[in-house]
Structures are given as structure tokens and as C-alpha cells.
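For reference, the structure is listed below as C-alpha cells.
FYI, it's all coordinate maths here, none of it is from the lab. Everything quoted here is computed from the prediction, not taken from an experiment. Cβ placement follows ideal geometry from the backbone for every residue including glycine, while neighbour counts extend to all protein chains displayed.
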Amino acid sequence: MYAGRIERLISRYSPIPMCVINMQGKVTRASGTIAEVFKYDGIVDGDIFALTGLKLQVIMDAVREERPMYVERNDRKFKLAGKFLGEGETASLLLYFIDVTEFEALKEIHEKQKLCIMLISVDNYDALNTDIGQEWEIELTTQIDKFIRGWAAKAGAAITRYKEHMYSFTLMQEQLDAMKKDRFPILDEARKIDSGKDFPVTLSIGVGIGGETPAVNDRYAEDALDIALGRGGDQVVIKNVDDLEYYGGVTQSAERSNRGKSRLIAHALKALMKQSSRIFIMGHKNPDMDCFGAALGVSRIAATVGKPTYIVLGKYDSSMADLVEDARETGNYEFVSEEKAMNEYVDNSLVVVVDTHRPTLVESLDLIERTERLVVIDHHRRAEDVLPHQVLSYMEPYASSASELVAEVVQYSCEKKALAKVEADALLAGIMLDTNRFAVKAGVRTFEAASWLRRCGADLQTVRRYFQSDAENFRIRAACVANARIIDDRIAMSIHEGQKVNTQIVNSQVADELLTIKGIEASFVAGQDQNGETVVSARSLGTINVQRIMERYGGGGHLNTAGARVSMSPQEILDDIEEFFKTSQSRDTIH
């Protein structure tokens, strides 16, 4: 009775449109001002779902959790707020309709006028202007500058050129949203400029939004540009506080002909090693030949400075057995477990990570968290999560492999032919693995590194032995290829049955073989390892960005070579990837 009296008073005198609802979702009372929300006469006895489009349970849950709800009626927007009266079946719900139309309009204007900072870098600017003659260099530079300024004018952005190859845009959120909607056509248009080279003009763009001040947005833009460059360029990365968005990234990173950076990294790495008490080298979990070869190469540099050096090595599959055994037999390397590495660690130790830059993939995350002096040498495109405390980073997505990068660094760090035979063999095996025996992502510098390793004593017969597999693995690969599904005449998918120790390497081999089928542009192979975890290998001829696809599942890699570990079953992950390809949005994302 007391509740009923309150209902009558509120409904009679409330200046805000309101109604009372019973536990069956029927309107029992309404204020006179409710006509501002619902134009037709009399809503008493009406159903709240029919009136608002919101189910009673949804409304009740939102009221209890104090979550906002909104409805639009008569070209007005109303925010719903509620309060319960009474308990049980006889309880009522007072529902208020607060007009927020003007507020939402102001909010929309505010959102559209938010300031954004965009930084644009012309990829490989020095390489574009090398050996083309002064006249053509001026012409090309003018073309690029005119193109970028024209795009800024069309977008209504303020532009500043602060380096030969760097531009800064200041624009509004509304302008950025229009660019996002069109998926940044500037990336495609830039590649149409005649560069006079065998690689196109490409741009890397970093955007900072959502910061409290312009200075914060500028810092976000710098971070986003670093990520874009670290992922190989030719793409846009947008950073909004903690969120990242990616656009583009459809071309291979152009190989740099200048080895100046390799020389600088070599001197810097050697200097850090001389200043260190001990040196720890590790790669990713379940290391492959590229990871292991790079680790042996770095250990050779460490040997020249005479500091105690440890290679952190955990579990590895059977494909690595011969190479690891050959390295152990030399007695020149101290392989340690994660536990022993932690026991041997002392202050001022240096940790060198090869073939990965992600905390979730390293052999020992505890060792990473303990050190404050970390070096990263990696060839994968940069992911969102990176290792902390880096004092030196050599991340070059143009490179075929970590072994290629390390081979170049060794050349500038050690005396000629300083490599031991097993080190040269391991580095060459690493390069051959990641290039599928020089079939993909092998540039001029890849062959130069391989040639140098041959001169250092790398033996092709020995390396070939490392790639041999037993008859059972051969039969498994043949079955995977034979049972592959072909989707849209361009995507090949297969499942590696069972739970095996060497699932990752078999998946990679099958994915490579599926690409040899005529018309196939990309391949995906999934299987479970000995722990029941699903491993996915993805390959592409370059027309589909498999890195972007694998990143959706917590993985990564390169535009045409990537992988991931997921909690789904092999069939579930392949079905999900197939569904991804069917959406028009995904096609824009991966091409």
C-alpha cells in the first residue's frame, strides 16, 4: 500500500517522463510527461518490450547493475534510469526517461573534433634515392612530397615536413574516421609512383588518438609508427591509449642493400658483452634450426670476449636432434635448463634473445623479468607485445631468418672464418629452413650470407642430413597433403591427426608443400602437439597476409609465413579461419 501511494505521487507530479512496470512487464502507471517519449495515447497496460524494444529482464539487470540504457523515440534520445519498489511478485519498477538528445549531439561533435596526430615515414627513403642520378632523385623526391601534401590537402589536415622522409599531420577524428572507412587508399596510391627501382614507394603511418593532450597523442603516434616500421612498413597503425588497429601491410619488406646497421649492431653487441659479467642466449620455446643456429652464432661472438656464456635450451622435437647432438659433441657450448640459468644468473648479466621478441614465446620468461640488460635479434614483424628492458634491438622483417641477421653480425664481430663448422652448418640450416630451401623470402643478402657460411666451412651434405625425416613422418605429410580441403580454389587446409612431439615442424612442411599446388594462394595446417595444444602453420604466396590472420589467434610471423598456438581443436580453428575468409571485411583486412 505504501509503495502504491509513492507510485501515484511520482506518476502525478514527476517532471521527468516516467512509468511504473510490474514484474510481468506491463505498464501500471505513467506520468503526464510520458507523452514526450510516446506520442500515442495511453500506454497503461502496454508491454514494455513492445514500447521500448528492451526485454524486461534486460531492463531489470541493467537497473540492478546501474548500467545505462538508451532508447530513441520521436527523433529524441532518452537515457533510462530505474528504481525498484517493494519485493517479490508484487514489486514494481519505476522507469525514468531522461532526454539526452542535446547532450549526445554535443558529445558526437566533441568526438568528431578530437585532435589526432599522424606521422608518415617514406619507407627505404635512402634506398629509393641510391644510384638513380641527381636529376631523377630530385624528380622522385618532388613527386613523393607533392603526393603526400596533396593527400593532406584533400583530407583537410595541417602538414609539416620535419625530415627528408618524415611528415607530421594534424587532423580531426572525423577526418581520420573517413580515412579508416576507405581503408587508407594512400597506401595503394603511393605504390603507383614510379620509383625507378625494383620495389615500390611505400609509406609507414603511425596515428595517435585518445590522449589527454596533444603531446600524449604525439607520443602515441611515435609508438604506432615504430610498430608499423617494425612490422615491415607499408601499413597504418593507430594507437588509442591501449588499443591498436592495423591497416595495409600487403607488400614484402624491401631488402636493404646497405649493411651499415649490421656493422653498428655488431660493434654495439660486442661492447655490451665486454661490459657484462655473464651472457645468456636463448630463443623461443620448441626451438627450430633457425633459432638454434642463431643462438650458436651469437655464442661465437661471446666467445671472442671471453665471458662465461650459457645457451638456455628446453624441450625440442626430433627434427632438431641431430643438430643439437653435433653441437653437444664439440664440448664448446654450455647448454643449460631454465632452472640452472636462473641459478647461474648474477648482476650485470646480459641476456640475448634470438628469433622472437614476444614475452609469451621465450624459453624463460623468468630470466627476462630478472634482467635489466636485454638484446633482441629477430626477423619477425613486430607484434603488440614486446620484450621489456631492451638495451639493443635488431629487428629486421626484411630478413629471411634470424640466422641471416646473426651471420651478418658475426662477420663484423669476429675474425674471418672464425665460425666453427657446426656453427656454420647450423646457421645455413636455419636460413634454408625459413626460406624453404631458398624458395621464399630469399633476397640478395640471404644468398650473400649463405655464400659466406659456405666459405666458413658449412657443408651442404651435413645440412641436408638435418632435414631428413623418417619414413613415418614422410607418410604423415603425404596423408595431410592428400586429405587437404581446397576452399574457393585458392585456400588449402589440412589437419595433422594425432598428438605428436614434432607436430609443429610437420605442419610447416605440409603447409609449404600445399603451396606448390597450382592456384593455391595460402595454406593452413593444424595439429596437436604432445601436450594436446593445437599448433597452426600458415603460408602464403604474398597475396594474402597470413600474419594478420594468425595475430587474431595470438600468433604472428610474416606476411607469407606465420603460425599460432590456440586452445581450439584443429577442426575448430580451421573452420574459424574459413569463416573469416567468407566475410567481406576480412578480405579487406588480409589483402
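Please arrange S401, S318, S494 by how many other C-beta atoms lie within 10 Å of their C-beta, fewest to most. List each step's numbers first, then the result.
Details: S401 29, S318 13, S494 26.
With the sparsest Cβ surroundings first, the list reads S318, S494, S401.
Of all DSSP beta bridges located in the chain, what percent are antiparallel, nearest 5?
Values: 65 of 98 bridges.
Taking every DSSP beta bridge within the chain, about 65 percent pair in antiparallel fashion.
For the stretch 490-590, run through the trypsin sites (Lys or Arg not before Pro) and keep only the ones in DSSP coil with at most 10 other Cβ atoms within 10 Å of their Cβ. Write out the running numbers ahead of the final one.
On the way: sites: R490, K500, K518, R539, R548, R552, R565, K582, R587; in loops: R490, K518, R552.
The qualifying sites are K518.
Mind checking the stretch 323-367 for GluC sites (Glu not before Pro) that DSSP puts in a loop (not H, G, I, E or B) and that have at most 11 other Cβ atoms within 10 Å?
Numbers: sites: E325, E329, E334, E338, E339, E344, E363; in loops: E334, E363.
Hits after loop and neighbour filter: nothing returned.
Which value in deg cm²/dmol, rounded to the nearest 500, describes the helix-derived mean residue ellipticity at 222 nm for the chain, given -39,500 (n - 2.57) per DSSP H run of n ≥ 4 and division by the residue count? If you can, show how the numbers build up before the last one.
Values: 23 runs with 246 residues, N = 591.
About -12500 deg cm²/dmol.
May I ask you to sort D99, D243 by Cβ crowding, counting other Cβ atoms within 10 Å and putting the fewest first?
On the way: D99 15, D243 10.
Result, fewest neighbours first: D243, D99.
Kindly count the pairs of lysines across the stretch 113-248 whose alpha carbons are less than 19 Å apart, treating pairs on different chains or eight or more residues apart as eligible.
Lysine pairs satisfying the spacing and distance rule in the stretch 113-248 number 12.
In degrees from 0 to 90, rounded to the nearest 10, what is the angle of the helix 402-413 Cα long axis to the longest principal axis of the chain?
50
Relative contact order of the chain: what whole-number percent is it, with Cα pairs under 8 angstrom and at least 6 residues apart?
Values: 1149 pairs, mean separation 47.7, N = 591.
Normalised by residue count, the contact order of the chain is 8 percent.
How do T371, T516 rank when sorted from fewest to most other Cβ atoms within 10 Å of their own Cβ? Walk me through the numbers on the way to the answer.
Working: T371 19, T516 11.
Ranked by crowding around the Cβ, least crowded first: T516, T371.
Quote the FRET efficiency, to the nearest 0.05, computed for E572 versus E135 with a Förster distance R0 of 56 Å and r equal to the Cβ-Cβ distance. Walk me through the numbers before you get to the answer.
Working: r = 59 Å, r/R0 = 1.05.
According to the calculation, E is roughly 0.45.
Relative to the longest principal Cα axis of the chain, at what angle does helix 56-65 sit, 0 to 90 degrees, rounded to 10?
70
Suppose we flag chymotrypsin sites (Phe, Trp or Tyr not before Pro) only when DSSP calls them loop and at most 16 other Cβ atoms lie within 10 Å. Which is the longest uninterrupted stretch of the chain?
Here the longest segment lacking exposed loop sites spans 41-437.
Return the sequence-ordered ³J(HN,Hα) values of the stretch 210-221 in whole Hz as given by the Karplus equation 6.51 cos²θ - 1.76 cosθ + 1.60 applied to θ = phi - 60°, using x for Gly and Pro.
So the Karplus estimates, Gly and Pro as x, are x, x, 6, 9, x, 5, 5, 4, 5, 5, 4, 5 Hz.
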